[in-house]
Amino acid sequence: MGLENVHNLLIYSNLESKIKHASEFLIEGIKQNEIIILIDDEENSFKQQMEKNYRIDLKKLEKEKNAVILNSNKWYFPKDKFDSNDLLNRMHDIVKQAKDDKKTGIRIFGDKTVFFRDDHVERFFECEKILGMGFDLPITALCAYMSESIGILNPESRGRLYDFHSDIIKETSRPLKQLRRNKLEIYFDILVAIGEAGENAVQTRIQGKSNLSYDKFTKYLDEMRERKLIQRDPLTITDKGREFVNKFDSISSFLHKMGLDYIQ
């Protein structure tokens, strides 16, 4: 049986933001003695920016076989077509190498924009499935999508995409080292999204703004209704919910001081 993986989604809007988030993510892998994999159309820009801003020499890491850095087309379409079995075999080869080199895991940043260029949208679902499979070392993956790409997906496809991931991160949200929100933070994000929407609070839009898969989103809505933070029909915030939002900073600060950051 393979080990459990961490599989997250990043939604970004520009190259500068993507490089910043990817760099922070991959540097954490270097610190943890993981093999890092960078898959992106802008791989040369990444090399330059990481060396300039973080003093990380990706070329040296490649030479030492501590990093795999490839253009998106070469990684996802090595023979001008996507082959899920071939990609899975390559992942197993990297894991085997990592085990031989006494690495603690694999950390992969992969931009999926290439799948939207030549009508390969269905193929990226196959790719996402592979990252959810069990391997002999833990895999920490951050899949990057442009906000425009997410926007062209229909609600069903967007929901399928969200369901593949443990967490969904937008470029303006919390630092990447905090890959999971605790329950109070999720409540807060949902309440803020409902409040901003006002009378136009449509459930699918609130789900997107809250960065949650459909199943998790409905689960939290049910909990919040039971705790009288919201009403479901129509979707609105109660007085108790507004009080929670207003006092969230002090509540969060208190829990942090008590060492209770990740209350479930």
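The residue that is farthest from the chain's Cα centre (by Cα), counting only those in segment 224-241 that are over 15 Å from Gln203 (Cβ atoms) and surrounded by 15 or more Cβ atoms within 10 Å (Cβ to Cβ), is Thr238.
Yes/no per residue for (1) free of Cβ contacts under 8 Å to residues at least 40 places away in the same chain; (2) out of contact with any Asp or Glu (no Cβ under 9 Å at 6 or more places or on another chain); (3) open to solvent by 30 Å² or more (accessible area, probe 1.4 Å):
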| residue | (1), (2), (3) |
| --- | --- |
| Val6 | no, no, yes |
| Leu9 | no, no, no |
| Ser17 | no, no, no |
| His21 | no, no, no |
| Ile30 | yes, yes, yes |
| Glu34 | no, no, no |
| Ile37 | no, yes, no |
| Ser45 | yes, yes, yes |
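In summary, Glu64 fulfils each of the numbered conditions (1) among the acidic types (Asp, Glu); (2) out of contact with any Gly (no Cβ under 8 Å at 6 or more places or on another chain); (3) surrounded by 20 or more Cβ atoms within 10 Å (Cβ to Cβ) with the single exception of condition (3).
The values are calculated or read from the model by the stated rules, or taken from the named source; none is laboratory data. Model, not experiment: these values are computed from the prediction. Note that we place each Cβ from the backbone using ideal geometry, even for glycine, and neighbour counts take in every protein chain shown. We work out accessible area using only protein heavy atoms, side chains counted, and drop any ligands, DNA or RNA first. Shrake-Rupley method; radii C 1.70, N 1.55, O 1.52, S 1.80 Å.
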